[in-house]
Amino acid sequence: MTIYRIAYKNLLRKKTRSLLTVLGIALSAWVLASLLGFNRGYEWALNRDIDNMGFQVLLTAKGCPYEAATLMLKGGTGLRYLKEDMVRGVAKNPEVTSVTAMLMQAVFDPDKGESGGMSAYLGVDPATFPQAKGFLEFKKGGWFKAPEAYEAVMGYEAAELEQREVGDPLLIAGKNAEAKVVGILKRTGTQDDGTIFLPLRTVQKVFERKGQITGLGIKVSKDANIDKFTERLYDLPDVQVVSMAQVKNTIMSLLSSAKVMVFSIAIIAILIAMVGVVNTILMSVFERFQELGILKSMGAMPKDVFMLVWTETLILCLSGSALGVCLALGLARVTELLVRRLLPYAPNGSLVQVDWALAASTVAAVTAAGLLSGLYPAWRAARVRPLDAIRSEAQ
Amino acid sequence: MSNILEARDIRKVFRRGSEDIAALDGVSLDIEKGEFVSFVGPSGSGKTTLVNILGCLDNPTSGTLKLSGTSIFAPGKALSEAELTRIRRRTFGYVFQNFHLIPTLTVYENVILPFAFFRKEGSLGDVDALLGDLGLDKRRDHLPGQLSGGEMQRVAVARALVNVPEILLADEPTGNLDSKRADEIRDALKKMNRGKGVTIILVTHNPELARAGHRVVELRDGAIRPA
C-alpha cells in the first residue's frame, strides 16, 4: 500500500467532482498548449512565407504599405505601376545580387467555378524569376524559356481548379488570348499554388501594359545592410519599399493585440483551473477531517498527510494537463481553422504547431500551477490533530 | 505483572469563556501489561478525556504519565504533536465509534493502510491470519460498503492491530452497533487480549461490554469512583 494508491483511491470517492476538476485543468492546458503552439507556428509560417518570396526587398509604386504587404504575400494587382527601366538603376546598387520584375494582373473569369472568380496572372522574367524562386519544384514540365512565349506555368491549385495538364491550352480570361501550359508546380503551401505564371512580356502585351510592372523583387547579398539600402531606394521617385523585416514587423504588430487577448484568456483559464483545484481538494480535506485525524492516530506524520493530499492534487493536475495536451495535439487543425477565421492575416502552412516538447512544457507548467494551488489544502490537512477529529466525532 | 501505564494526579482543565472546567481532577491509575480495563461513567464524567491522555492523544494540564516505566508527561513537559505521534505509532492502536474506513479500498487494503505511513519492526507479516482471527477472511476483497456495521468495526480493529500495538484503545467501539454486532466486537477484543496479550483500554456505556474486561473503572465528575 503506497501513498499514491491511497491518493488515487481517494479521488475515486467523488468521481464526478474529480472528473470535472480534471476537465477544468484539461481545458486550461488545451488553451495554453494551443496558444503556445500558435505563437510558434504563426511566426514560423510567416517566416516561411517571406522566405518563399525568393527576395528580401520589394519595390512597388507608392501606396499603402499594408496593400504592398498584401501584394507580397497574397498577390494582387497593386495600386499603380512602375516603369520597367527602373530595373537597371536598381541593379547597379552594390548590395543587389539580382532583380526580377513582375507584373500582376487579376481579371474576373465568369467561367471559373460555379459563379465565376478572379484569375491571377503573374508576368515574370524567365531569365531571373526562376533563379530567385529556385526552391520551386515542378510536378510536371518546367519554366518557359522565351521572353514573349504564350506559355504558362500553373501553380498546383490553379492547375487543379482549371483542370489543366502540361500541353493543354489555357485561355486568358477576357483577353481572347491563349497560352500553352508548359509546367505545373508541386504544392508549396504558399500563394504560388493559386498563381498562373506567364512571361513578363506576354502579360504586358496581352494586358496592354508595355514597359510597366507592378513590382520589383530584389535579392541582396547576405552581408548587406538592408536598412541603408532601402533608405537609398526611397530616393527613387514615387516608390514604396517594403523589406521582409518590415512586412514581418507590420503583421506581428497587427497580431500582437490579438495575442495579448488570447494570453489573457489562457491566464484566466489557468486561474479558474487553479481555483477549481483548491476548491476540490479543500472540500475533500474538510469532508475527511475525522479520517485524516484517524490517519494521524495510525502513525501518519504531518508530512505524510501533506504528501497524501498533495499527491491527490498531482494526480488531478497530471491527468488534466495530459488530457489537455492530447486535445491540443489532436485538435490542432480545428484550432487552426478557428484562428484563421479570427485573424486579419494568416500565413500559409500550419499555424498551430504543438509538438511533444511543447506538450511536455505545458504539462509541466499546468502541473506546477496546480501543485502551487494544492499547497494550502495540503497544509490544512497536515495540521489536523487526531484529538480534534475525535472531539468532532464526539460532537 | 508489570505496569504498562502509570498515571499520577492527572488533571485536565478546559477553559470555557472566563471559566475553568476541570474535566479530570487528580486521577491516579495503574494499568498492567496485558490487562483489559473498561472505563464507564455518565457522559461528561471525564472518561474519554482520561483515555485520550492515557493514549497520548492529549497532554494533561498537570500530573505525570509513565509508559512502560518511561516518563511521557511530567510537569512543564508538554509534548509536540510530532513527538506524540512518534510515541503513539509505536505503542498504540485506536478504535473509535465511527469506523473511518476508506470506502474505495478493500478490507485488506484498509487493514494495511497504516503501513503506508509507518511499519513497526515485528509488525504483522501475515495480515490474512489477523483477518481470519477476526472472522474477516471471507471479506478480504470486499469494499466497506459491502460489509455490516460489525464487520466494518472489526476491520477497524484489525487496522488498529496490524502494527502490533502494545495497547489497544477503544473509545465507544460499539456505539453505532446493535447488540448482536456489539457482541461480535466484544468477542474480538477478548480474543485479542487473551490470545495475543494486547492491553486493552475500553471506554463504553455498554455494561455488558464493560464486564468483558478484567477490571471496570467508573468515573464521575472527573475522578475515579471507589469500587
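The values are calculated or read from the model by the stated rules, or taken from the named source; none is laboratory data. Keep in mind the model is a prediction, meaning the values are calculated, not measured. Cβ placement follows ideal geometry from the backbone for every residue including glycine, while neighbour counts extend to all protein chains displayed. Just the protein is used for accessible areas: all its heavy atoms, side chains included, with ligands, DNA and RNA removed. Shrake-Rupley method; radii C 1.70, N 1.55, O 1.52, S 1.80 Å.
You will find that of A:A365, A:A382, A:A346, the residue that is in contact with a helix residue (DSSP H, G or I) (Cβ under 8 Å, 6 or more places away or on another chain), outside any loop (DSSP other than H, G, I, E, B) and open to solvent by less than 30 Å² (accessible area, probe 1.4 Å) is A:A382 and no other.
Number of residues in segment A:139-157 that are more than 36 Å from the chain's Cα centre (by Cα) and free of Cβ contacts under 8 Å to residues at least 40 places away in the same chain: the value is 1. Residues in segment B:187-227 that are under 18 Å from B:T49 (Cα atoms) and either exposed (fewer than 14 other Cβ atoms within 10 Å of the Cβ) or among the hydroxyl-bearing types (S, T, Y) (or both): B:T204, B:R225. Checked against (1) part of a helix (DSSP H, G or I); (2) in contact (Cβ under 8 Å) with a residue 60 or more places away in the chain, A:E231 meets all criteria but (2). Exactly one residue out of B:L50, B:L5 is farther than 17 Å from B:R220 by Cβ and open to solvent by less than 60 Å² (accessible area, probe 1.4 Å), and it is B:L5. A Cβ distance below 8 Å, combined with a sequence gap of six or more or placement on separate chains, defines the contacts here; from segment A:118-133, residues that are closer than 15 Å to A:K219 by Cα reach residues that are of a type in the set (D, E) in the pairs A:K133/A:D192.
The single residue among A:L36, A:L79, A:L71 that is modelled with pLDDT under 80, open to solvent by 20 Å² or more (accessible area, probe 1.4 Å) and part of a helix (DSSP H, G or I) turns out to be A:L71.
Pairs are defined by a Cβ separation below 7 Å, a sequence spacing of at least 6 or placement on different chains, a first member in segment A:163-174 that is assigned to a strand (DSSP E or B), and a second member that is small (G, A, S) and surrounded by 15 or more Cβ atoms within 10 Å (Cβ to Cβ); the pairs so defined are A:L170/A:A152; A:L170/A:A179; A:I172/A:A179. Residues that are touching a residue at least 60 places away in the same chain (Cβ under 8 Å) and touching a strand residue (DSSP E or B) at 6+ places or on another chain (Cβ under 6 Å) do occur in segment B:95-115. One residue stands out in segment B:128-153 among those that are within 20 Å of the chain's Cα centre (by Cα) and not in a loop (DSSP other than H, G, I, E, B): the one that is nearest to B:Y94 (Cα to Cα), namely B:Q153.
As a summary of the residue check, B:H142 satisfies the conditions (1) free of Cβ contacts under 8 Å to residues at least 60 places away in the same chain; (2) under 30 Å from B:L29 (Cα atoms) except for the one numbered (2).
Picking from residues in segment A:184-233 that are under 33 Å from the mean Cα position of the chain (by Cα) and among the basic types (K, R), the one that is most open to solvent (accessible area, probe 1.4 Å) is A:K222. Of the residues making up segment B:84-110, those that are over 16 Å from A:N10 (Cα atoms), in a helix (DSSP H, G or I), more than 9 Å from every other protein chain (Cβ to nearest Cβ) and of a type in the set (A, V, I, L, M, F, W, C) number 1. Which residue is farthest from the other protein chains (Cβ to nearest Cβ), if the candidates are limited to segment B:114-167 and must be surrounded by fewer than 20 Cβ atoms within 10 Å (Cβ to Cβ) and under 19 Å from A:M301 (Cβ atoms)? For segment B:114-167, the residue satisfying everything is B:E121.
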